[in-house]
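First up is the structure itself, then whatever we jot down about it.
The values are calculated or read from the model by the stated rules, or taken from the named source; none is laboratory data. What you are looking at is a predicted structure, and each value in this text was computed from that prediction instead of being measured. Every residue, glycine as well, gets a Cβ built from its backbone with ideal geometry; the counts of neighbours run over all protein chains shown. Protein only, heavy atoms only, side chains kept; ligands, DNA and RNA dropped before computing areas. Shrake-Rupley method; radii C 1.70, N 1.55, O 1.52, S 1.80 Å.
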Amino acid sequence: MQQKTARRSNRDRTEATRGDLIAAARKLFTEKSYAETGTPEIVAAAGVTRGALYHHFADKQALFAAVVEQEAAAVAEEIERASPPSLLARDALIAGSDAYLAAMRAPGRTRLLLLDGPAVLGRAAMDEIDDRHGNRSLREGLVAAMRSQAMMRLPVEALTALLAAAFDRAALAVEAGASTEDYRTVLVALIDGLSPANPSA
């Protein structure tokens, strides 16, 4: 029993240290940018040693990737919470769109996910992260809409990529001070424009 407790305690400490590093890095990356943040600042803010940093992460870029992954997961959780299976497919897509725009208002999030993320990790790596989180949620919503005949059948990967790009552009514009309602109106029109009943379809 003591051995199991010791293992659990070690695991808890390890997870706590990793969490402290990610939290400290996120704060610094959003306040100063990835390029302007050094690992000595991160370990000082986290209250750990450089050895602890390199025990958990290969380098600063690997730590940044963990921060980005955590942020992307948080956005996806907000989307999924707002668009449960009980909603009609079209309503779920709209609710998910609203949740995305709301989630991206978290301080520093657009910078991490839409600006520094692609610049630091590369487009391919960011696409993989997105596919595990937000784009996965969007893809599932689109597939559900097509299956329920609320949306015309289109190549789902291409549709996911293009709609995701529209959502990202909206988030960047809102971050820069544009009207959330204006962008929401257009996003809803884009989604509704994919209905089989739409005269232009």
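Couple of notes before you dig in:
- Per residue solvent-accessible surface (Å²) - the chain, probe of 1.4 Å: 54
- Heavy atoms of H56: accessible area, 1.4 Å probe, square angstrom to 10: 40
- With coordinates expressed along the principal axes, the C-alpha atoms belonging to the chain extend over 64, 45, 26 Å, beginning with the largest.
- Region 172-177 - phi-based ³J(HN,Hα) in whole Hz, Karplus 6.51/-1.76/1.60, Gly and Pro as x: 5, 5, 5, 4, 7, x
- Highest to lowest packing among 166-174, 39-47, 22-30, 178-186, scored as the average C-beta count within 10 Å: 22-30, 166-174, 39-47, 178-186
- Charge context of A170, other residues only, Cβ under 13 angstrom, K/R +1, D/E -1: -2
- Evaluated at q = 0.11, 0.12, 0.15 Å⁻¹: base-10 log I(q)/I(0), Debye formula over Cα of region 87-201: -0.36, -0.43, -0.67
- The chain: calculated mean residue ellipticity at 222 nm from DSSP helix runs of at least 4, using -39500 (n - 2.57): -23500 deg cm²/dmol
- Across region 125-137, rounded Karplus estimates of 3J(HN,Hα) from the backbone phi angles (6.51 cos²θ - 1.76 cosθ + 1.60, θ = phi - 60°) give 5, 5, 4, 5, 5, 4, 5, 7, 10, x, 5, 5, 4 Hz, Gly and Pro being marked x.
- Per-residue HN-Hα couplings for region 45-51 [Karplus 6.51, -1.76, 1.60; θ = phi - 60°; Hz; x = Gly/Pro]: 5, 7, x, 10, 8, 4, x
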